[in-house]
């Protein structure tokens, strides 16, 4: 093998190693965030915080649809929530005539320890802070 081929192979291995480390870090973060969400659901039940049917807003913000998920909003703008299943939901969906009548379908998102990280709007908040704030607000919160 010539030096160029050796260098290319080393580069490929370094890239693969970096990608594996990044994925392992994301998985560990998701597990830690998932534990926080599960703890929140338990504590919310202990405090008598009743989950409500969540609503999702279209990407353009013009319409709001009910969903088939029950849970608690974590931000006052109702953009993220934790479901009673302990999953994390980002409450934006594409516009749909079907959703207007039948409700929007939501899929859980991978939770992160910093909500809004990588979102581009500059508003980042630690997940634990949002969960604690929601518990402190109690039933008076939307």
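The values are calculated or read from the model by the stated rules, or taken from the named source; none is laboratory data. These numbers were taken from a predicted model, which means no experiment stands behind them. Cβ: placed from backbone, ideal geometry, glycine included. Neighbour counts: every protein chain shown.
Annotation note: of 116, 86, 103, the sole residue that is at positive phi and in contact with a helix residue (DSSP H, G or I) (Cβ under 8 Å, 6 or more places away or on another chain) is 86.
Determine which member of the set 32, 23 is at pLDDT below 90 and surrounded by 10 or more Cβ atoms within 10 Å (Cβ to Cβ).
Result: 23 is the single residue among 32, 23 that is at pLDDT below 90 and surrounded by 10 or more Cβ atoms within 10 Å (Cβ to Cβ).
State yes or no: is residue 41 surrounded by 13 or more Cβ atoms within 10 Å (Cβ to Cβ) and either in contact with a strand residue (DSSP E or B) (Cβ under 6 Å, 6 or more places away or on another chain) or at positive phi (or both)?
Details: surrounded by 13 or more Cβ atoms within 10 Å (Cβ to Cβ): yes; either in contact with a strand residue (DSSP E or B) (Cβ under 6 Å, 6 or more places away or on another chain) or at positive phi (or both): no.
Answer is no for this residue.
Consider residue 54 carefully, then state whether it is surrounded by 13 or more Cβ atoms within 10 Å (Cβ to Cβ), touching a residue at least 60 places away in the same chain (Cβ under 8 Å) and under 17 Å from the mean Cα position of the chain (by Cα). The answer is no for residue 54. Residues in the range 10-48 that are part of a helix (DSSP H, G or I), touching a residue at least 12 places away in the same chain (Cβ under 8 Å) and over 17 Å from the mean Cα position of the chain (by Cα): 43, 44.
Contact map, the range 83-97: first residue closer than 14 Å to residue 111 by Cβ, second residue surrounded by fewer than 15 Cβ atoms within 10 Å (Cβ to Cβ), Cβ cut-off under 6 Å, separation 6 or more or different chains; pairs are 86/38; 88/109; 90/109.
With respect to the conditions (1) closer than 21 Å to residue 35 by Cα; (2) touching a helix residue (DSSP H, G or I) at 6+ places or on another chain (Cβ under 7 Å), residue 124 falls short on a single one, namely (2).
Name the residue that is farthest from residue 43 (Cα to Cα), counting only residues in the range 66-82 that are in contact (Cβ under 8 Å) with a residue 24 or more places away in the chain and surrounded by 20 or more Cβ atoms within 10 Å (Cβ to Cβ). Step by step, filter the range 66-82, then rank; the result is 67. Does at least one position in the range 120-132 carry a residue that is under 18 Å from the mean Cα position of the chain (by Cα), more than 27 Å from residue 23 (Cα to Cα) and part of a helix (DSSP H, G or I)? Taking every residue of the range 120-132 in turn, at least one turns out to be under 18 Å from the mean Cα position of the chain (by Cα), more than 27 Å from residue 23 (Cα to Cα) and part of a helix (DSSP H, G or I).
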